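One structure below.
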Amino acid sequence: MNHFITLKDISATDLRKIVTDAKKRKDKRKKLSTLDVDKDNPLKGKLLIQMFEKSSLRTRLSFYLAIKQLGGGTITLRANELHLGKGGESLADTARILSTYGDGFMLRTDSDKKIEEFSKYLTIPIINGLSPSSHPTQVLSDIFTVEEIKKKPISKLNICWIGDSNNVLNSLIAASVKFSFKLSIGCPKNYEPKKFVFDWVKKHKGKINIYNDAKKAVKNADIIFSDKVISLNDKVNKTKKIKDFKSFQINSKLISLAKKNATFLHCLPRGTEVSSEVFLGKNSKVWLQALNRVHVQKSILLYCFGKLR
Ligand code: CP
Ligand code: NVA
């Protein structure tokens with residue numbers, strides 16, 4: 001079995017295998033309906049337990065469909081209805097019970113430490129469904145989407161991120177090293193990624209470029225990513241942060257500085273970081289991006305269950 005906690009911890013070979021498997025499975029499902037099971041029924045009889053300590057629409061639904069299409073089932077626990085959530089049971093015992101009843105555990109949490117703790121006591125794989133430091137299932141799926149749209153390896157493309165240095169960006173940075181692509185980041189001064197992120201990139205011979213000017217960051221971009229300026233449970237002065245990001249809004253004027261056929265991607269939900277014109281416009285592929293979560297998470301589940309071909 002394999003945990004899926006951060007992209008940094010997974011080998012480039014395994015990450016590429018997941019993306020390749022997702023493509024094959026997606027291609028084979030063209031004539032199947034939403035709840036039809038893949039022909040090989042690889043996770044028949046398996047139960048994925050999901051728990052969300054923070055809101056979710058896409059991750060919740062895409063994991064539901066992913067495990068169903070692989071022949072398994074899922075149950076979603078409400079964190080505040082567990083003894084653990086109310087402080088009446090230890091995390092270790094909760095993990096042992098999850099391992100007794102279930103075959104996999106997907107957790108969205110406000111605590112990276114909690115994921116680490118769970119991974120110590122679980123005897124089933126844990127999947128990070130978003131934590132303060134990363135959002136690995138989202139970004140691996142985004143790599144798949146980029147290659148599907150551009151029909152070439154991501155290593156041959158210029159990738160740009162305009163926005164906050166948050167969990168999604170951390171995973172994108174890890175992906176830039178694992179998949180060897182050029183990443184330009186545009187963010188206001190004092191909102192750059194933390195030093196340990198740069199140190200990790202340097203140690204792994206990666207390269208990222210930071211610009212405190214959105215126009216410079218988007219120049220020559222094939223793909224422009226963004227995300228909300230205010231993340232879930234972000235404990236900041238929201239008014240000030242939104243004001244600080246004002247000149248980093250992705251609008252038609254900014255996107256015109258990228259390559260002519262540049263693609264806009266956003267994990268959703270959205271805020272003021274992108275104009276509706278761009279978000280709903282011809283460069284945007286955000287709905288395909290959201291749908292692809294299902295396909296890539298299926299291959300992530302197979303990786304976790306040791307069943308990736
Ligand atoms: N992109 C994403 O993870 O969406 P949800 O928060 O709705 O799961
Ligand atoms: N950075 C965002 C991603 C939401 C899917 C957040 O953490 O809220």
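Matching residues to (1) at pLDDT below 95; (2) assigned to a loop (DSSP other than H, G, I, E, B); (3) farther than 30 Å from Leu122 by Cβ:
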| site | (1), (2), (3) |
| --- | --- |
| Lys259 | no, yes, yes |
| Trp287 | no, no, yes |
| His295 | no, no, no |
| Ile300 | no, no, no |
| Tyr303 | no, no, no |
| Gly306 | no, yes, no |
| Arg309 | yes, yes, no |
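Looking at the stretch 23-45 only, could you name the residues that are in a helix (DSSP H, G or I) and under 14 Å from Leu65 (Cα atoms)?
Hits for the stretch 23-45 are Arg25, Lys26.
Which pairs do you get when a residue that is open to solvent by less than 50 Å² (accessible area, probe 1.4 Å), found in the stretch 87-101, comes within reach of a residue that is among the β-branched types (Val, Ile, Thr), reach meaning Cβ atoms under 6 angstrom, with the pair 6+ apart or on two chains? Hits for this filter: Leu98/Ile49; Ser99/Thr123; Ser99/Ile124. Taken over the stretch 127-185, the residue count meeting the criterion of being of a type outside the set (A, V, I, L, M), within 12 Å of ligand 2 (Cβ to nearest atom) and either open to solvent by 20 Å² or more (accessible area, probe 1.4 Å) or on the phi > 0 side of the Ramachandran plot (or both) is 5. Close Cβ contacts (under 6 Å, 6 or more residues apart or on different chains) running from residues in the stretch 30-51 that are farther than 30 Å from Ser111 by Cα to residues that are open to solvent by 60 Å² or more (accessible area, probe 1.4 Å) comprise Leu35/Lys68; Pro42/Lys307. Taken together, the criteria exclude Lys228 from residues that are touching a helix residue (DSSP H, G or I) at 6+ places or on another chain (Cβ under 7 Å) and either in contact (Cβ under 8 Å) with a residue 40 or more places away in the chain or within 16 Å of ligand 1 (Cβ to nearest atom) (or both).
Among the residues of the stretch 65-86, the ones that are within 15 Å of ligand 1 (Cβ to nearest atom) and surrounded by 18 or more Cβ atoms within 10 Å (Cβ to Cβ) come to 3 in all. Against the test of being modelled with pLDDT of 95 or more, within 23 Å of Glu81 (Cβ to Cβ), within 16 Å of ligand 2 (Cβ to nearest atom) and open to solvent by 10 Å² or more (accessible area, probe 1.4 Å), the options Leu47, Leu61 yield a single qualifying residue, Leu61. If the condition is being touching a strand residue (DSSP E or B) at 6+ places or on another chain (Cβ under 8 Å), within 17 Å of Val201 (Cβ to Cβ) and within 16 Å of ligand 1 (Cβ to nearest atom), then the stretch 156-167 contributes only Trp161.
Of everything in the stretch 231-266 that is open to solvent by 40 Å² or more (accessible area, probe 1.4 Å) and hydrophobic (A, V, I, L, M, F, W, C), the residue that is nearest to ligand 1 (Cβ to nearest atom) is Leu232.
The values are calculated or read from the model by the stated rules, or taken from the named source; none is laboratory data. Nothing here was measured: the structure is a model prediction, and the numbers come from that model. Note that we place each Cβ from the backbone using ideal geometry, even for glycine, and neighbour counts take in every protein chain shown. Ligands, DNA and RNA are excluded from the accessible area calculation, which covers all protein heavy atoms including side chains. Shrake-Rupley method; radii C 1.70, N 1.55, O 1.52, S 1.80 Å.
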